[in-house]
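Heads up, the thing below is written out as structure tokens.
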Amino acid sequence: MKPIIVRSIKLYPIAMSLVETLKTSSGDEPFKTGVVARLETDDSVVGWGEASPEIAPGYNYETVGTALHIMSEFLIPALLGKTITSATEVPSLFSRVRGHHMAKHGLEAAVWDALAKTNGVSLAQAFAAYLPADHQSRGYANVGVSIGIKPTIEETLEVIEKRLGQGYGRIKLKIEPGWDVELARAVRKVYPNIVLMLDANSAYTLADADRLKQVDDLNLLMIEQPLGHDDIYEHSKLQPQLKTAICLDESICSADDLRLALDLGACRILNLKPARVSGYTESLEIYKICVAHNLPLWIGGLMETGIGRAANLAFASLPAVTLPCDISATDRYFDPDLTEPPFFLGANSRIAAPTAPGIGVEVVEERLEAAAQRWTSEQVYKNYF
Ligand code: MG
């Protein structure tokens, strides 16, 4: 690989209006927020990365504010002027900063993009270069769609009908105590054969095991993160009580976390969000663990713009990502997105991974400027609380 020298990095905090807000057990998300990194090399190649912190520290402790602080004060100085031959060198450059995985991911992703563009390869090819020869990209990701908490079961059924009509082959329902058993049973009754799963976003405790057992006979693909957002141990107590596979999401923040979860028997499926685990380097380690343990793997989403979604699609096109991913077509999230062309849902509930060098989509810089302007002018923090 031809190396890059990092000449400059500019950060854009963004607020994107959503086509449809997503209500989860942690509340409504009025905007999709994040921090976009524009990295320029000495050869004037531009690499893009997206960090996906929320407005408030609800998903994890990171926010747009902490990401801007950590990136500009600590992480960017560790990259500027550096000659980088492989994006897998980035975590060691960031090793003096503990945590702040989303901030690290945003910058590491920009390095992956710049290196791939410099070397004329797609990100899918760049990732596969670190895997055994039989792990080349399939060229597409299998995808599904996530449906937030709605006021009524009838409205949920209407959305499911719409999404199935659009061609999504897997439906995920967000649940919380009181919006779970009745909902899942009603949906299963209307749709006995769809691929269906539930995501609790850590809304339950081990004391709710009997409640969760009530959905155990619904032939669910999985129940995602039922217990604490940072818990592995109690999930290992719950999994043996359920036939349904538990999928861990929030509590797997590193390859070591996954090793622990597997050792304890805390999950049978993994939702990998590259942003949550600090980037694609750590994601590749986790991918290899999943291969070694035959653990079904899929790629989750943080409502990324086209910048982050293109890169996640590239990763999701790797062959050991065996289950449908939470990556939907552009029209599910934004109108317009920050990038062109939009992503479309293809046949068999697939989205094609870009094939052009790097992230493989073009960033429309006026839209990025507008999203940054919206972040400032809408006083997003103030309106949120
Ligand atoms: Mg989840």
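Derivation of every value follows stated rules applied to the coordinates shown; laboratory data play no part. Note that this is a predicted model, so its numbers are computed, not measured. In this analysis, Cβ positions are derived from the backbone assuming ideal geometry, glycine residues included, and neighbour counts consider all displayed protein chains.
Couple of notes before you dig in:
- Helix-only CD estimate at 222 nm, as mean residue ellipticity for the chain, using -39500 (n - 2.57) per DSSP H run (n ≥ 4): -9500 deg cm²/dmol
- Fewest-first ranking of 152, 88, using other Cβ atoms within 10 Å as the exposure measure: 152, 88
- Note, ³J(HN,Hα) from phi for region 241-256, Karplus 6.51, -1.76, 1.60, rounded to Hz, x at Gly and Pro: 7, 10, 6, 5, 5, 8, 10, 8, 10, 3, 8, 9, 10, 6, 4, 4
- Antiparallel content of DSSP bridges confined to region 126-363, in %, to 5: 30
- Restraint check, 117/150; 162/237; 150/243; 117/273, Cα-Cα greater than 32 Å: 117/150; 162/237
- Rounded to the nearest 20 debye, dipole of the chain from Cβ charges on Lys, Arg, Asp, Glu: 560
- For region 257-333, pairs of C-alpha atoms spaced more than 21 angstrom apart make up 24 percent of the total.
- Within region 4-120, percent of DSSP bridges classed antiparallel, to nearest 5: 95
- Listed residues 293, 229, 105, most fluctuating in the chain (Gaussian network, C-alpha, under 10 Å): 293
- Distance-filtered residues of region 62-102 - backbone nitrogen under 12 Å, label point 7 angstrom along residue 254 Cα→Cβ: 95-101
- Furthest towards positive pole of dipole, 183, 35, 357, structure part the chain, Cβ charges: 357
- Gain on full stretching of the segment that runs from residue 294 to residue 134 - 0.36 nm per residue minus C-alpha separation: 56.1 nm
- For the residues 78, 129, 245, a GNM of the chain with alpha-carbon springs under 10 Å puts the largest fluctuation on 129.
- Ranked 325, 253, 267, criterion: other C-beta atoms within 10 Å, fewest first: 253, 325, 267
- Theoretical FRET efficiency, 1/(1+(r/R0)^6), r = Cβ-Cβ of residue 233 and residue 83, R0 41 Å, to 0.05: 0.45
- Inter-label distance for residue 264 and residue 186, nm, one decimal - labels placed 7 Å from Cα along Cα-to-Cβ: 3.5
- DSSP-assigned coil residues among trypsin sites (Lys or Arg not before Pro) in region 69-178, each with at most 12 further Cβ atoms within 10 Å: 96, 98
- From least to most packed, judged by other beta carbons within 10 angstrom and beginning with the fewest, 213, 273 follow the order 213, 273.
- Derived scalar couplings ³J(HN,Hα) [region 136-141; Karplus, 6.51 cos²θ - 1.76 cosθ + 1.60; whole Hz; x for Gly, Pro]: 5, 4, 7, x, 8, 10
- Inter-probe distance in nm under a simple model that places probes 7 Å from Cα toward Cβ, at residue 364 and residue 96: 4.1
- Positive-pole candidate from 91, 112, 67, dipole of region 4-120, charges at beta carbon: 91
- Here the dipole of region 1-94 is about 220 debye; that uses its Cα centre as origin and unit charges on the Cβ of Lys and Arg (positive) and Asp and Glu (negative).
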